[in-house]
Amino acid sequence: MSATADDLTAQAGPQERFEYVLRLADTSLIAGQRLAALLGHAPALEEDLALGNIALDLIGQARLLLALAGRIEARGRDEDALAFLRDAQEFRNVSLVEQPNGDFAQTIVRQCLLDAWQLEMYESLAGSRDLQLADIAQKAVKECRYHWRFSAGWLVRLGDGTDESRARVRSALDTLWRFTDELLTPDVLDARMAVCGIGPAPVLIRERWQTRVRATLAEGGLEWPRHQHYRWHGKRGEHTEHLGHLLAEMQALPRAYPGVTW
């Protein structure tokens, strides 16, 4: 007898579901915070507005996911408590998103690598047997498609542009490529969620991500970067030094004035 959707979802305990949703939430939250710091600093007004809108989309996704994580955890922590009252080691975002903005090329490369992954993830999660997660994913997919068009379009323009823009985008790829391992290499929790029908099969995400990114790099005249050793695992709470600095700024007000309301 085949298991029902409810049976499959029940196989994953609350702590596993909490950790899995937190990974998605924290990744969007930190990516949004990074982009928000660029407001007023993009190379042109149109790009400034676009990056600001993407930041708002990502933070909106994070709010929905953090609220869901709080309900799963059932310890009375809402989206604000989870965002502003956890220390760095409690965050579960992938290490890629906590990397500094750098120049425009580095921002675009970081965003493009993330967007390709988020688009594949949310398209798959839209069919999750966790109906609350599926509902959030269905909303996020439309935003992720726009994010991908923007970042992939700019990656191609930079790669196929001037010698200076090509050199900058190649440098950014060399700097950030090692962080893609964490996006594409499953751990026990990823595999567990796939077996339960909550998350996608990791091998499919890897194949689709590689196909999408490879085609975009080729269009921009850019080579597939060589594999680099990876040592950080943000999904396990092992972060680079950059996250602590980001959180210190992001959490300053609620830490200084606990319980403040507007």
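FYI, it's all coordinate maths here, none of it is from the lab. Because the structure is predicted, anything quoted here is derived from the model rather than measured. Glycine also receives a Cβ, built like all others from the backbone with ideal geometry; neighbour counts cover every protein chain displayed.
Pairs needed: first member in the stretch 150-162, not in a helix (DSSP H, G or I); second member anywhere, not small (Gly, Ala, Ser); C-beta distance under 8 Å; at least 6 residues apart or different chains.
So the pair list comes out as Asp160/Arg166; Asp160/Glu219.
Here is a list of conditions, (1) closer than 26 Å to Gly13 by Cα; (2) in a helix (DSSP H, G or I); (3) not charged (D, E, K, R), and Pro186 meets all of them except one; can you say which number that is?
Going through (1) closer than 26 Å to Gly13 by Cα; (2) in a helix (DSSP H, G or I); (3) not charged (D, E, K, R) one by one, Pro186 breaks only (2).
Report yes if Phe91 is over 28 Å from Arg149 (Cα atoms), buried (at least 19 other Cβ atoms within 10 Å of the Cβ) and either among the charged types (D, E, K, R) or out of contact with any Leu (no Cβ under 6 Å at 6 or more places or on another chain) (or both), otherwise no.
Spelling it out, Phe91 is indeed over 28 Å from Arg149 (Cα atoms), buried (at least 19 other Cβ atoms within 10 Å of the Cβ) and either among the charged types (D, E, K, R) or out of contact with any Leu (no Cβ under 6 Å at 6 or more places or on another chain) (or both).
Among residues belonging to the stretch 126-141 that are under 15 Å from the mean Cα position of the chain (by Cα) and small (Gly, Ala, Ser), point out the one that is nearest to Phe18 (Cα to Cα).
Ala137
Quick one: in the stretch 32-46, of everything that is in a helix (DSSP H, G or I) and touching a residue at least 60 places away in the same chain (Cβ under 8 Å), which residue is surrounded by the most Cβ atoms within 10 Å (Cβ to Cβ)?
The extreme case among them is Leu35.
Which condition from (1) surrounded by fewer than 24 Cβ atoms within 10 Å (Cβ to Cβ); (2) not in a loop (DSSP other than H, G, I, E, B) is the one that Asn101 breaks?
Of (1) surrounded by fewer than 24 Cβ atoms within 10 Å (Cβ to Cβ); (2) not in a loop (DSSP other than H, G, I, E, B), only one is false for Asn101: (2).
With the requirement that a residue be more than 18 Å from Tyr122 (Cβ to Cβ) and without any contact (Cβ under 8 Å) to a residue 60 or more places away in the chain, what does the stretch 48-70 give you?
Answer for the stretch 48-70, where residues must be more than 18 Å from Tyr122 (Cβ to Cβ) and without any contact (Cβ under 8 Å) to a residue 60 or more places away in the chain: Asp48, Leu49, Leu51, Gly52, Gly70.
On the phi > 0 side of the Ramachandran plot and either exposed (fewer than 15 other Cβ atoms within 10 Å of the Cβ) or not aliphatic (A, V, I, L, M) (or both): is that true of Gly234 in this structure?
The answer is no for Gly234.
Return the pair list, or none, for Cβ contacts closer than 8 Å from residues in the stretch 233-254 that are among the charged types (D, E, K, R) to residues that are in a loop (DSSP other than H, G, I, E, B), at least 6 apart or on different chains.
Going by the 8 Å Cβ cut-off, the qualifying pairs are Lys235/Arg92; Lys235/Asn93; Lys235/Val94; Lys235/Asp187; Arg236/Arg92; Arg236/Asp187; Glu238/Trp232.
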